[in-house]
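What follows is one structure encoded as structure tokens, with my remarks underneath.
The values are calculated or read from the model by the stated rules, or taken from the named source; none is laboratory data. These numbers were taken from a predicted model, which means no experiment stands behind them. Every residue, glycine as well, gets a Cβ built from its backbone with ideal geometry; the counts of neighbours run over all protein chains shown. Keep in mind that these areas ignore ligands, DNA and RNA; they rest on the heavy atoms of the full protein, side chains included. Shrake-Rupley method; radii C 1.70, N 1.55, O 1.52, S 1.80 Å.
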Amino acid sequence: MISLLQLIVDTSLFILIWLVQIIIYPSFQYTDKEQFDFWHIRYMKLITYFVGPLMLAQIGVIVYQLFYLFDWIFLSSFICILMVWLSTAILSIPCHTSLQKSGFNLITIEKLILTNWYRTILWSIVFLIDIWIFFIFT
């Protein structure tokens, strides 16, 4: 049951991060400069309703697995998830904060897209680990 929950949560984050990386963040470059502030604030608020609960569920599931079902593969997934959280805090949040303060800034948007590849790759690795876990442990 826990591995199914893990697969659902991590698949959701995998899909979401690829949508953000390929569609949403690049679209910032084409958003009308006059409307950017409004759109960015709205985006940040709305995306939090999806990402926040998923990230909390993800960390909860992996911590449970580490304590009750310890395996090195769970530890690998946990390390990737921690790196996602660090990348979010150190790279993504400062870019979004800068965009909220200064408004449309192509250099910051490009930095956001570039640095988001870390999260995209890490969440993709977590997803692949989940596929492995799901078929090995269930």
>> Filter the stretch 16-29 down to the residues that are aromatic (Phe, Trp, Tyr) and open to solvent by 30 Å² or more (accessible area, probe 1.4 Å) and list them by number.
In response: 18
> Counting only residues that are more than 17 Å from residue 37 (Cβ to Cβ) and not hydroxyl-bearing (Ser, Thr, Tyr), which one in the stretch 84-101 is farthest from the chain's Cα centre (by Cα)?
Replying inline: 94
>> Go through (1) touching a residue at least 60 places away in the same chain (Cβ under 8 Å); (2) surrounded by fewer than 14 Cβ atoms within 10 Å (Cβ to Cβ); (3) over 30 Å from residue 133 (Cα atoms) for residue 32 and report which single condition fails.
In response: (1)
> Pick from the stretch 92-138 the residues that are modelled with pLDDT of 95 or more and among the charged types (D, E, K, R): which of them is nearest to residue 2 (Cα to Cα)?
Replying inline: 119
> Going by the structure shown, is residue 76 under 19 Å from residue 18 (Cα atoms) and among the hydroxyl-bearing types (Ser, Thr, Tyr)?
Replying inline: no
> Within the stretch 59-70, is there a residue that is surrounded by 13 or more Cβ atoms within 10 Å (Cβ to Cβ) and within 30 Å of residue 106 (Cα to Cα)?
Replying inline: no
> Counting only residues that are of a type in the set (S, T, N, Q) and at pLDDT below 95, how many does the stretch 6-30 have?
Replying inline: 1
> From 32, 71, 10, which residue is within 17 Å of residue 120 (Cβ to Cβ), out of contact with any Cys (no Cβ under 7 Å at 6 or more places or on another chain) and among the charged types (D, E, K, R)?
Replying inline: 10
> Which one of the conditions (1) in a helix (DSSP H, G or I); (2) open to solvent by less than 60 Å² (accessible area, probe 1.4 Å); (3) under 29 Å from residue 34 (Cα atoms) does residue 104 fail to meet, given that it meets all the rest?
Replying inline: (1)
> Do you know which residues across the stretch 35-53 are open to solvent by less than 90 Å² (accessible area, probe 1.4 Å) and within 18 Å of the chain's Cα centre (by Cα)?
Replying inline: 40, 43, 44, 46, 47, 48, 51, 52, 53
